[in-house]
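Taking it in order: structure first as structure tokens, then the write-up.
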């Protein structure tokens, strides 16, 4: 069976993955066989999410009734029920559920009533608390299928330390990254010299290491020096897979969903107050959409600033507020723009000036004339290929380029 749990945390603390790791140990102590813990990231644009919008699923052999009772007891013990926006959900399913519900939850929006109807029709056991919103994520986690997957090792703090500064040696994180990258990623942001894998919120997580295989996580873990964790758990995840991206005509985009679009730069990039950079993209269906690289994307903005009209791109990001918030982009064709200016007079060597609209050019010194402007091709340093935001600005679901060039036939959510 699979046990799904969601929405137990709040901005004040707790973490659904921590509750899942605790429950897995309780199930094992009760004689059940725990086969897998799954961390399932859902639509990153959901307004009521806390942090990374994650639900968990535990695959286990044992009594469904006992497992459901133990899961509910753990939620009632650890979930931050006092928070208005914490509305847990618990699901136990003894057979596979339709993965279409998971796909919708990661790429679109689901309603509470929709989740309840899905669970009833699937014959699952479930319980929702307060407004029951957590049933959406719990159902999606139980129904999840990963065409592509990655792994994360999460270390958790002793409960007595929650809310206090974390004791993790900074240089040991950089050492772990240098020994295991690109098989692990987003532990640090080397260009900006920032540790990424240690949170600053008051939740139980001490640090997290993401990677391709559990063996690489273990190797990175050996390098990290920190306060003693209370427990550690490896999760199978959909992180770093681009599972949230849709391929739809730009004219059919929906607010709060994430897309992969192809088009041509229609105007120069503009830097606004605050350091945000934007440019217009004319998409293949003729729709023009604004693309945004916000200040937290740091050096990625320099790539955006170097774009010129005529460049052909593939862009990936969330559609919010009428624009695409860029996660990465692929330069398919670099335009070769030509600039023109008045020619140099052949008789006296002085640069001519315009003689008027449609009248060519005239030398102010000797009166010489010419009909042809002097042209030259603009030199570009931008090369075709993929470019991405730095680790400090990367979303959990966004596939990092260190996992390999997605290529020209990129299909979101699929291993390439």
>> With bins 10 Å wide starting at 0, give me the P(r) of region 338-377 over every alpha carbon pair, in whole percents.
In response: 37, 50, 12
> What is the order of 252, 395, fewest Cβ neighbours within 10 Å to most?
Replying inline: 252, 395
> Given a cut-off of under 8 Å on Cα pairs at least six residues apart, what relative contact order in percent is computed for the chain?
Replying inline: 14 percent
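Can you give the percent of C-alpha pairs in region 189-289 whose distance is more than 20 Å?
Counting every Cα pair in region 189-289, those more than 20 Å apart make up 64 percent.
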> Roughly what angle does helix 112-122 make with the longest principal axis of the chain, taking Cα atoms, 0 to 90 degrees, to the nearest 10?
Replying inline: 60 degrees
> One-quarter of the Cα convex hull surface for region 2-143, in nm²?
Replying inline: 7.2 nm²
> Which order results if 203, 285 are arranged by neighbouring Cβ count within 10 Å, fewest first?
Replying inline: 285, 203
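Quick one: divide the alpha-carbon radius of gyration of the chain by 2.2 N^0.38 Å and tell me what you get.
Normalised by 2.2 N^0.38 Å, the Cα Rg of the chain equals 1.22.
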> So how many Å³ per residue does the convex hull of the Cα atoms of region 150-237 work out to?
Replying inline: 87 Å³
> Going by alpha carbons, how many degrees (0 to 90, nearest 10) lie between the helix axis of 16-29 and the longest principal axis of the chain?
Replying inline: 30 degrees
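How do 30-42, 163-175, 65-77 rank on mean C-beta neighbours within 10 Å, highest first?
30-42, 65-77, 163-175
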> What is the Cα centroid distance between region 318-386 and region 40-59, reported in whole angstrom?
Replying inline: 49 Å
> Once you put a point 7 Å from the Cα of residue 382 and another 7 Å from the Cα of residue 35, both along the Cβ direction, what distance in nm separates them?
Replying inline: 4.9 nm
> Among 112, 58, 136, 224, which comes first, second and so on when ranked by fewest other beta-carbon atoms within 10 Å?
Replying inline: 112, 224, 58, 136
> With axes computed from alpha carbons, what is the tilt in degrees of helix 134-143 against the longest principal axis of the chain, rounded to the nearest 10 within 0 to 90?
Replying inline: 90 degrees
>> Between residue 82 and residue 227, what is the label-point separation in nm under the 7 Å Cα-to-beta-carbon projection?
In response: 2.0 nm
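Each value in this text was obtained by applying a stated rule to the coordinates, not by laboratory testing. As the structure is a computational prediction, the values presented were derived from the model and not from experiment. Positions of Cβ are generated from backbone atoms using ideal geometry, with glycine treated the same way; all protein chains shown enter the neighbour counts.
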